[in-house]
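First the structure, in the form of structure tokens, and then the observations on it.
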Amino acid sequence: RNGAYKFKRAHRRVDDLDWEQTTGFDRWFIIMLDGSTDVHAALADFLTDPEVEDADLEYFAYPQAVPNDPYYGNNWGHNNTGQFPSWVPGSGYTGPAVGTPGFDTHAVEAWNHGYGNSSIVIAIIDSGVDTSHPDLTLVAGYDYGSGDSNPMDDATDAGHGTLCAGVAAAKANNNLGVVGSAGGCSVMPLKVAAANGSMTDTSIANAITHAADNNADVISLSLGINGVTSNSAMDPALSYAYNTKGVVIFAAAGNYYDPNYYSDPVPTTQDAISYPANSQYVISVGAAAPSGERKSFNSSDGVVSYGSCYGSTTQDDRRAIDIMAPTELPSTDIQGSAGWSSGNYLFYFGGTSCACPYAAGAAALLLSINPTLTPAQIRSILTSTATDMTVDGGVGWDRYTGYGLINMEAALNTLSPVTIDDPTACTANAVSTTQIDLS
């Protein structure tokens, strides 16, 4: 009946036999179906049988993929428990813990799909990456700042690129340091900083085409040029990566330092979003603060040195924010005292520079499940499943937070759900002495 091929008792016997008989615990049986009948239709059928007292579906539980990386708990973006230590001027991150529990990317649930595939490569185009950091999985890169094959993060003011790499893909579950949003994926370090730390549009363009030609799946650009919407060197490179090679490209929206800059509600050619975030080939990423709001000069984290840029009031305009991702997160730093901290990790890395690689990691997780997804499909999935941020712009898309905070669990569930739909619409009761559990 309904394709049943196996029947067995569901539960072990317990000491209290009266309890068993009163509750019916001893009358549950499991019927295995061969798939010829939809399980929900089978359930409805059994519930109409007068010999069946009750019936339900057999559910499968999945482990919560909590990594053993020691600093995982410091990353509110992965799992927000209200643990972020707010910034106190002159004293650092010593203020009261802030944050809205549950306002996060649902990374723990997303990682039930896995931490990502090492064959999926995120190109970090930046100041370079610490090529010997034990918490990063790297593939070959290049240094377009100096024109050699060593992308070590060693220019003036080094460390930024290594921090971006860790936010995206610090190794997961290796009992070491931090975990990136895609901690099973690989990083391609592409250095565009010259010895003095300067970055030119030509070196960035060369890094973009290098990533495209060397099988990078995602590009993360935590850099920008203010006041322009196009660039003769980078426009063709972005088009080549996007249109010819199918690479998903993310760029940081930028951090503007003048709070009065946002007083004009009408967007102009001076929109705050920098280039290439305002390119039509790029997914622009703004930064979210831990209490559900855009990172700004008065957001709950207390960090007053920057705010996440925003732009056009027109939804899906190239100069508008697309999505938000967390900022002020722990990440990998250059080992020793050469980077931004005195150790191998930094607490906390901020700005849209942090948000951008986090979002790039989310795309890498999607591609780990389905590597044939196009850049347009990735953008559609991320924007359609994002968690709406209503503090700044109200319900729905808005110019301040775009489609909202990336929800990695919801995005991945569009490709491969890990839970069974709630069958409540099928439940009913029939009176008798037999209970059936379907699987």
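The table that follows gives values for the structure above.
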read-out	value
Boolean, LEU412 is in a loop (DSSP other than H, G, I, E, B), surrounded by 18 or more Cβ atoms within 10 Å (Cβ to Cβ), at pLDDT 95 or above and of a type outside the set (Gly, Ala, Ser)	no
Residue check, THR372 out of contact with any strand residue (DSSP E or B) (no Cβ under 9 Å at 6 or more places or on another chain), under 18 Å from VAL218 (Cα atoms) and open to solvent by 60 Å² or more (accessible area, probe 1.4 Å)	yes
Any hit, segment 382-397, residues being surrounded by 18 or more Cβ atoms within 10 Å (Cβ to Cβ), aliphatic (A, V, I, L, M), under 12 Å from ILE283 (Cα atoms) and out of contact with any Cys (no Cβ under 6 Å at 6 or more places or on another chain)	yes
Unique match (being among the small types (Gly, Ala, Ser), outside any strand (DSSP E or B), open to solvent by 50 Å² or more (accessible area, probe 1.4 Å) and in contact (Cβ under 8 Å) with a residue 60 or more places away in the chain) among ALA165, ALA158, ALA140, ALA110	ALA140
Criterion: modelled with pLDDT under 95, farther than 27 Å from THR100 by Cα and crowded, with 24+ Cβ neighbours inside 10 Å - qualifying residue of SER274, SER230	SER274
Filter pass, VAL179 being closer than 27 Å to PRO326 by Cα, within 21 Å of the chain's Cα centre (by Cα), modelled with pLDDT of 95 or more and part of a loop (DSSP other than H, G, I, E, B)	yes
Some residue of segment 111-128 being more than 27 Å from ALA386 (Cα to Cα), among the aliphatic types (A, V, I, L, M) and at pLDDT 95 or above	no
ASP18 in a helix (DSSP H, G or I) and exposed (fewer than 13 other Cβ atoms within 10 Å of the Cβ)	yes
Total residues in segment 92-116, condition aliphatic (A, V, I, L, M) and under 14 Å from ALA289 (Cβ atoms)	2
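The values are calculated or read from the model by the stated rules, or taken from the named source; none is laboratory data. The structure presented is a predicted model; accordingly, all values stated were derived computationally and were not measured. All Cβ positions, glycine included, derive from the backbone under ideal geometry; neighbour counts span all protein chains shown. Keep in mind that these areas ignore ligands, DNA and RNA; they rest on the heavy atoms of the full protein, side chains included. Shrake-Rupley method; radii C 1.70, N 1.55, O 1.52, S 1.80 Å.
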